[in-house]
1. Looking at (1) among the polar types (S, T, N, Q); (2) surrounded by fewer than 18 Cβ atoms within 10 Å (Cβ to Cβ); (3) touching a Leu at 6+ places or on another chain (Cβ under 6 Å), can you tell me which one THR140 breaks?
2. Working only within the range 120-155, note down all residues that are without any contact (Cβ under 8 Å) to a residue 60 or more places away in the chain and of a type in the set (Asp, Glu).
3. For the range 120-155, give me the residue count where each residue is assigned to a strand (DSSP E or B), among the polar types (S, T, N, Q) and within 21 Å of THR53 (Cβ to Cβ).
4. Can you pull out the residues in the range 44-92 that are farther than 30 Å from ASN122 by Cα and surrounded by 11 or more Cβ atoms within 10 Å (Cβ to Cβ)?
5. Name every residue in the range 82-111 that is part of a strand (DSSP E or B), free of Cβ contacts under 8 Å to residues at least 24 places away in the same chain and within 24 Å of ILE151 (Cα to Cα), in order of residue number.
6. Take the residues in the range 94-128 that are in contact with a Leu (Cβ under 7 Å, 6 or more places away or on another chain) and not small (Gly, Ala, Ser); name whichever of them is surrounded by the fewest Cβ atoms within 10 Å (Cβ to Cβ).
Amino acid sequence: MSHKRSSQLMNHRGATVVELIVSSVIVFVGMAAFTSFYINSLKLTKNIQLSGTSNKVVSRILENIRNVTHQSQINFDYSQSASKYLDVSSLPMAWDSGSVGTPAKCPECKGRYGYTIQPYENYRGLYLVTIRMTHPSWGTGPEDYKDYTFITSPK
């Protein structure tokens, strides 16, 4: 009886190499999935923060435009759309998270923006404002921009 018991104990000494390899693969796959999820979550968070920042910048720009519309240069050329005047490669202002200014005053700002103000045709006292914004995280092609269009009146 003691011989049978000792052979049973010897069969249960430890894990085999195959069991170790399988468990290592399972752990590795789990870690890879978690790492991928974590990296994607970081990217998504950054994009959401940037989107929120761009919306705040647009709100600030629009409020500033409303406050100084009577002092602004108004574009009365109805034959041209705002796109003609807002070439992505020559947008005059800079922006990024928490910063807005000229490129000279904000060299760390990666985004660019510009806007046009046109009287809203057939409605006296209303203006059509188009704000065009770019940011390298949105892409670097000529179509990688966001346009925000508002109808506003001066304060």
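1. Every listed condition holds for THR140 apart from (3).
2. Correct list: GLU121, GLU143, ASP144.
3. Looking only at that region, the number is 3.
4. LYS46, ASN47, GLN49, LEU50, SER51, GLY52, THR53, SER54, LYS56
5. Scanning the range 82-111 gives MET93, ALA94, GLY101.
6. Top of the filtered list is TYR120.
Rule-based calculations on the coordinates, nothing more; no lab input. Note that this is a predicted model, so its numbers are computed, not measured. Using ideal geometry, Cβ is built from the backbone for each residue, glycine included, and neighbour counts are taken over all protein chains shown.
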